[in-house]
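Novice: Quick one: this structure, given as structure tokens, is what I'll be asking you about.
Readers should treat all values here as calculations from the given coordinates under stated rules, not as data from a laboratory. As the structure is a computational prediction, the values presented were derived from the model and not from experiment. Every residue, glycine as well, gets a Cβ built from its backbone with ideal geometry; the counts of neighbours run over all protein chains shown.
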Amino acid sequence: MNEGFKRRQRAGPEPFPASFHQQDIATDGATIHVRIGGHGPAVVLLHGFGDSGDMWAPVAAVLARGHTVIVPDLRGMGLSSHPEGGYDKKTQARDIAQVMDGLKIEKADFVTHDIGNMVGYAFAAQFPARVTRWLIIDAPLPGIGPWDEIIRNPLLWHFNFRGPDVERLVKGRERIYLDRFWNELSANPKAIDETTRRHYAALYARPGAMHSAFNQFAAFTQDAADNKTFAAAGKLTMPVLALGADHSFGTQMADIMRLVASNVTGGIIADSGHWVMEEQPKQTTAKIVDFLARK
């Protein structure tokens with residue numbers, strides 16, 4: 001583990017509260033880096049590509065006042081290990097189940113973004129009794145609804161950017177590659193500040209990190225097949241709030257989720273592209289806090 005990253009927790013503008021501690025938890029085939037803090041009902045926050053669990057620091061600081069907050073780095077991202085395989089979201093969901101087991105947490109609310117959404121669905125479909133509520137933010141589910149149209153969108157060319165040369169092309173140029181996502185998929189690129197960009201670019205430049213990231217996307221074909229099997233078994237019944245950014249997936253998020261869940265409310269993050277926690281942290285945090293406070 002890179003101790004410099006571990007000590008400062010986040011190079012961006014907002015660190016995790018000093019009361020949080022960090023722990024590495026072994027799962028089947030991976031070691032998952034987790035930040036834990038607060039007291040009360042558990043909530044699990046799952047990040048996506050281009051970020052790590054560090055993206056949730058502003059939310060974690062607020063939720064820790066009344067929740068036990070668990071913030072993992074997904075397999076192959078952030079400070080978690082970079083195994084060769086296991087990037088299908090069904091396997092990554094089992095990582096999260098084993099993290100919860102290691103922390104002796106039976107069930108939790110879930111808040112997810114981007115690839116975290118895909119892991120969240122695989123978790124909720126496999127372990128529905130362990131998810132009390134689920135807030136899902138701005139990314140589709142492989143194989144569900146308009147997936148075949150979504151993957152043909154030129155803005156999402158990275159879903160199919162793989163092969164024997166992609167790692168050579170990106171090695172040493174991770175910042176250039178990531179800037180493209182932050183700039184083109186945001187409503188206001190300046191909201192992703194230089195310190196934040198440097199922080200994530202350094203994490204994704206660590207040995208094995210981009211190899212793992214490409215494998216996250218390469219697994220989408222398997223994820224689509226798994227999700228169709230999950231959906232055929234029946235809809236999720238826990239309360240779901242599906243938030244889309246108004247400059248990104250918007251109301252489509254709720255439309256997608258209604259195909260796999262029976263108790264879905266939609267919502268919008270205003271004046272934001274895909275990077276809601278960087279572009280609209282206060283608004284996004286308020287919506288998360290409000291949803292988790294509902295009886």
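Novice: I need the peptides 96-106, 77-87 ranked by packing, meaning the mean over residues of other C-beta atoms within 10 angstrom, with the highest value on top.
Specialist: On the way: 96-106: 16.3, 77-87: 20.2.
Going from most to least packed, we get 77-87, 96-106.
Novice: If you don't mind, there's one more thing I want to ask. When only Cα pairs under 8 Å and 6 or more residues apart are kept, what is the percent relative contact order across the range 143-295? Please report the intermediate quantities before stating the final value.
Specialist: Details: 167 pairs, mean separation 36.9, N = 153.
Relative contact order of the range 143-295: 24 percent.
Novice: Enumerate the amide H contacts of Ala42 below 5 Å, restricted to partners 5 or more residues apart or on another chain; note that Pro and chain-start residues carry no placed amide H.
Specialist: Amide H to amide H, under 5 Å and 5 or more residues apart or across chains, Ala42 pairs with Thr68, Asp109.
Novice: Which pairs break 28 Å Cα to Cα here: Lys89/Lys190; Lys107/Lys190; Lys89/Lys287; Lys235/Lys287? Let's see the in-between values first.
Specialist: Numbers: Lys89/Lys190 31 Å; Lys107/Lys190 38 Å; Lys89/Lys287 26 Å; Lys235/Lys287 24 Å.
Over 28 Å Cα-Cα: Lys89/Lys190; Lys107/Lys190.
Novice: Please list, short to long, the whole-number percent of alpha-carbon pairs of the range 152-295 in consecutive 5 angstrom bins beginning at zero.
Specialist: 2, 8, 13, 16, 18, 18, 14, 8, 3, 0, 0
Novice: Let's test the formula: R0 of 25 Å, r as the Cβ-Cβ distance of Asp255 and Arg65. What FRET efficiency results, to the nearest 0.05?
Specialist: Working: r = 34 Å, r/R0 = 1.34.
Step by step, r from the Cβ atoms, then E = 0.15.
Novice: Counting pairs of alpha carbon atoms under 8 Å apart in space and at least six apart in sequence, what relative contact order in percent does the range 15-113 give?
Specialist: On the way: 188 pairs, mean separation 33.4, N = 99.
Dividing the mean separation by the residue count of the range 15-113 yields 34 percent.
Novice: Let's test the formula: R0 of 30 Å, r as the Cβ-Cβ distance of Thr265 and His21. What FRET efficiency results, to the nearest 0.05? Before the final figure, lay out each step's value.
Specialist: On the way: r = 34 Å, r/R0 = 1.12.
Computed FRET efficiency for Thr265 and His21 comes out at 0.35.
Novice: Among Ala129, Ala218, Ala201, which one moves the most in a GNM of the chain with springs linking Cα atoms closer than 10 Å?
Specialist: Residue with maximal mean-square fluctuation among Ala129, Ala218, Ala201: Ala129.
Novice: Continuing with the same structure: Return a whole-number percent for the relative contact order of the chain, with Cα pairs under 8 Å and 6 or more residues apart as the contact set. Write down the numbers at each step before the final one.
Specialist: Values: 559 pairs, mean separation 54.7, N = 295.
Rounded, it is 19 percent for the chain.
Novice: Among [x] 20.0; [y] 16.3; [z] 13.3, which is the computed mean projected area of the Cα convex hull in nm²?
Specialist: It is the one labelled [z].
Novice: Just to confirm my numbers, what's the Cα centroid distance between the range 134-168 and the range 192-212 in Å?
Specialist: If we compute the Cα centre of each part, the gap is 20 Å.
Novice: Right, another one. Given the options Phe123, Tyr200, Asn153, identify the residue whose Cα lies farthest towards the positive end of the charge dipole of the chain (+1 on Cβ of Lys, Arg; -1 on Cβ of Asp, Glu).
Specialist: It is Phe123, whose Cα lies furthest towards the positive end.
Novice: Nearest 500 deg cm²/dmol is fine: what mean residue ellipticity at 222 nm does the chain get from its DSSP H runs of n ≥ 4 alone, each adding -39,500 (n - 2.57), divided by its residue count? Before the final figure, lay out each step's value.
Specialist: Numbers: 13 runs with 116 residues, N = 295.
For the chain, the value works out to -11000 deg cm²/dmol.
Novice: Going highest first, how would you order 39-51, 165-177, 220-232, 19-31 by mean Cβ packing within 10 Å?
Specialist: Working: 39-51: 22.2, 165-177: 13.5, 220-232: 17.4, 19-31: 15.8.
Ranked from most to least packed, the peptides come out as 39-51, 220-232, 19-31, 165-177.
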